[in-house]
1. What is the spin-label model distance, in nm, from GLU128 to ARG98 if the labels are put 7 Å beyond Cα along the C-beta direction?
2. Given the -39500 (n - 2.57) contribution per DSSP H run of 4+ residues, what per-residue ellipticity at 222 nm results for the chain, rounded to the nearest 500 deg cm²/dmol?
3. Placing one identical point scatterer on every Cα of the chain and ignoring solvent, what is log10 I(q)/I(0) from the Debye formula at q = 0.12, 0.13 Å⁻¹?
4. Considering only SER87, SER52, SER31, give the residue with the highest GNM mean-square fluctuation for the chain, with springs between Cα atoms whenever their separation is below 10 Å.
5. What residue among THR66, GLN22, GLN55 has its Cα farthest toward the positive end of the dipole of segment 17-94, where the charges are +1 on Lys, Arg and -1 on Asp, Glu, each on the Cβ?
6. Nearest 10 degrees, 0 to 90: what angle lies between the long axis of helix 84-99 and the longest principal axis of the chain (Cα atoms)?
7. Treating only the Cβ of Lys, Arg, Asp and Glu as charged (+1, +1, -1, -1), what charge dipole size does the chain show about its Cα centre? Round to the nearest 20 debye.
8. Count the lysine pairs in the chain whose Cα atoms lie under 30 Å apart, taking only pairs 8 or more positions apart in sequence or on different chains.
Amino acid sequence: MGGSRGLNQKKVAMNFEELDRQEREWAERASKVQASAAQAYDRLMRLAESSSAGQVHTVARFLASTFDGQAFPLDPFDLRAVEVTISDDMLLCLDALRWGKADLYKLVPDGNARLLAICQAWGLKWPESQ
């Protein structure tokens, strides 16, 4: 009986060690992704601020969805509607969102004001409160 208890304690200790290792790995991945996503998000914002090309409206909607997903739902098929380099940046941003370390607009200079200006420029309006 005593041997069984010792074995269970070892399993618990191994499980905690494994959990600690996994959490460290996830934290490292999240940090790396966040740095890349900040650059990608800034590129997408600059594109939405400076271009009027057809696919840029899709970029503006994507940016709005990262700010308020309920008001501006993300259509995953939008990833097909833009150039590969743009969709790559969108995917980097989505990966950072999944880790939930920070709101993307907070990772870029003046992100909140810039995002609100992008929404206004592209005619993206919040639904009226009911």
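1. For GLU128 paired with ARG98, the spin-label model returns 3.9 nm.
2. Here the helix-only value at 222 nm equals -23500 deg cm²/dmol.
3. Each listed q corresponds, in turn, to -0.53, -0.59.
4. SER52
5. Highest projection toward the positive end goes to GLN55.
6. Tilt relative to the chain: about 50 degrees.
7. 400 debye
8. Close lysine pairs found across the chain: 4.
Read-outs throughout are calculated quantities, based only on the coordinates presented, and are distinct from any laboratory measurement. All values derive from a computational prediction rather than experimental measurement. Glycine gets a Cβ as well: all are built from the backbone with ideal geometry, and neighbour counts include every protein chain shown.
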